[in-house]
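Student: Before I ask anything, let me first share the structure, which is written out below as structure tokens.
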Amino acid sequence: MKKTVLITGTSSGIGKATVFEFAKMGWNVIATQRQPALETDFKDLPYVTLYPMDVTNLESVEQSILEAQKAFGKIDVVVNNAGYGVDGAFEAMSDEVIQKQFNTNVFGLMRVTREAIKHMRSNGGGTIIQISSMGGKITFPLYSIYHATKFAVEGFTESLHYELAQFNIKMKLIEPGPIVTDFYGRSRQFIKPTNTNQYDGFIQKFNNAAEKVMKDAEGPEVVAKMIFKSVTDNSNQMRYAVGRPGPMLLMLRKLLSDKLYFWMVRKSYNL
């Protein structure tokens, strides 16, 4: 029997690549977007159905999952991919910016997770994939708010897996390193102080180092393949690091003291 996956945030990047990956493997794919009417890349994929969903709106989440359940009967996998990145100087970040970042990356993910649990518990189980980041385990300059959301996702998911095991619901965390997506382009929200230029030198060093890293970054397809692997490997493994140099950096963070790790980061950004 054909299995069904629901994926959030499929308009670009990792979400879109994941739609293609699961469709290629013969799955029914429920691809959710805030504006599905604008999507054209999925029109020739026979197993893909578009649904509207705004993860920041509870009614939208509930309605989409309810309609998907009616249409497909059972949702085997939910991929919580919707999110975006805020970076910049924390001093300049307004409450509105902070709340919006958490509402999408954390509270939105929680809304979808909660509705997925209700569905999966009554259907004998399933798998919930949380798209975290290497930035949910390690930190870099000027990403304080983004890191805070991904650290939250890691802690939330790790704790939650204990209570869901009894219902045969697996929780998985995907931890990408630098990936070539709109995260660093159209979706990026960079915050810079307007009342002082004292951060300018620091920001310039950060941007210079970040550009060098992105030159070697892999595409979102590598993450999509890892997501599919995490769903189909029949293991209880929770965390999957992917995208160079993410796995290496995560390993170094485990091995190094705070002092050595902080020195390594400062040196790489010429701080």
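Readers should treat all values here as calculations from the given coordinates under stated rules, not as data from a laboratory. Keep in mind that what you see is a predicted model, and the values were worked out from it rather than measured. Quick reminder, even Gly has a Cβ in these numbers, built from the backbone with ideal geometry, and neighbours come from all protein chains shown.
Student: Please give the number of the condition ASN270 fails out of (1) more than 20 Å from ALA217 (Cβ to Cβ); (2) exposed (fewer than 12 other Cβ atoms within 10 Å of the Cβ); (3) in contact (Cβ under 8 Å) with a residue 40 or more places away in the chain.
Tutor: (1)
Student: Which of (1) closer than 16 Å to VAL5 by Cβ; (2) among the charged types (D, E, K, R); (3) touching a residue at least 12 places away in the same chain (Cβ under 8 Å) does ASP216 not meet, given it meets every other one?
Tutor: Only one criterion in (1) closer than 16 Å to VAL5 by Cβ; (2) among the charged types (D, E, K, R); (3) touching a residue at least 12 places away in the same chain (Cβ under 8 Å) is unmet by ASP216, namely (1).
Student: May I pose another question? Let me spell it out: the conditions are (1) closer than 22 Å to SER132 by Cα; (2) surrounded by 13 or more Cβ atoms within 10 Å (Cβ to Cβ), and GLN237 meets all of them except one. Which number is the exception?
Tutor: Exception for GLN237: condition (2).
Conditions tested, residue by residue: (1) aromatic (Phe, Trp, Tyr); (2) farther than 26 Å from THR157 by Cβ.
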position: LYS16; (1), (2): no, no
position: MET25; (1), (2): no, no
position: LEU38; (1), (2): no, yes
position: PHE42; (1), (2): yes, yes
position: SER64; (1), (2): no, no
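Student: Looking at VAL86 and the list (1) crowded, with 22+ Cβ neighbours inside 10 Å; (2) under 22 Å from MET226 (Cβ atoms); (3) within 18 Å of the chain's Cα centre (by Cα), which single condition is not satisfied?
Tutor: Against the list (1) crowded, with 22+ Cβ neighbours inside 10 Å; (2) under 22 Å from MET226 (Cβ atoms); (3) within 18 Å of the chain's Cα centre (by Cα), VAL86 comes up short only on (2).
Student: Still on this structure, I have one more. Out of region 204-221, which residues are part of a helix (DSSP H, G or I) and surrounded by 19 or more Cβ atoms within 10 Å (Cβ to Cβ)?
Tutor: Listed by number, the list holds a single entry, PHE206.
Student: Of the conditions (1) in a strand (DSSP E or B); (2) surrounded by fewer than 22 Cβ atoms within 10 Å (Cβ to Cβ); (3) within 14 Å of the chain's Cα centre (by Cα), THR49 clears all except one; give me its number.
Tutor: (3)
Student: Would you confirm whether any residue within region 227-245 is assigned to a loop (DSSP other than H, G, I, E, B) and touching a Phe, Trp or Tyr at 6+ places or on another chain (Cβ under 6 Å)? First the steps, then the outcome.
Tutor: Quick first cut of region 227-245, residues assigned to a loop (DSSP other than H, G, I, E, B) only: 233-238, 243-245.
Still in the running and touching a Phe, Trp or Tyr at 6+ places or on another chain (Cβ under 6 Å): none.
No, region 227-245 has no match at all.
Student: For region 2-38, which residues satisfy the criterion of being outside any helix (DSSP H, G or I) and in contact (Cβ under 8 Å) with a residue 60 or more places away in the chain?
Tutor: Within region 2-38, LYS3, THR4, VAL5, LEU6, ILE7, THR8, GLY9, THR10, SER12, MET25 qualify.
Student: Being surrounded by 15 or more Cβ atoms within 10 Å (Cβ to Cβ) and within 20 Å of the chain's Cα centre (by Cα) is the filter here, so list the residues in region 25-38 that pass it.
Tutor: Across region 25-38, the qualifying residues are VAL29, ILE30, ALA31, THR32, GLN33, ARG34, PRO36.
Student: Also, I was wondering about something else. State whether the residues of region 68-77 include one that is over 21 Å from LEU250 (Cα atoms), buried (at least 16 other Cβ atoms within 10 Å of the Cβ) and among the acidic types (Asp, Glu).
Tutor: Among the residues of region 68-77, at least one is over 21 Å from LEU250 (Cα atoms), buried (at least 16 other Cβ atoms within 10 Å of the Cβ) and among the acidic types (Asp, Glu), which makes the answer yes.
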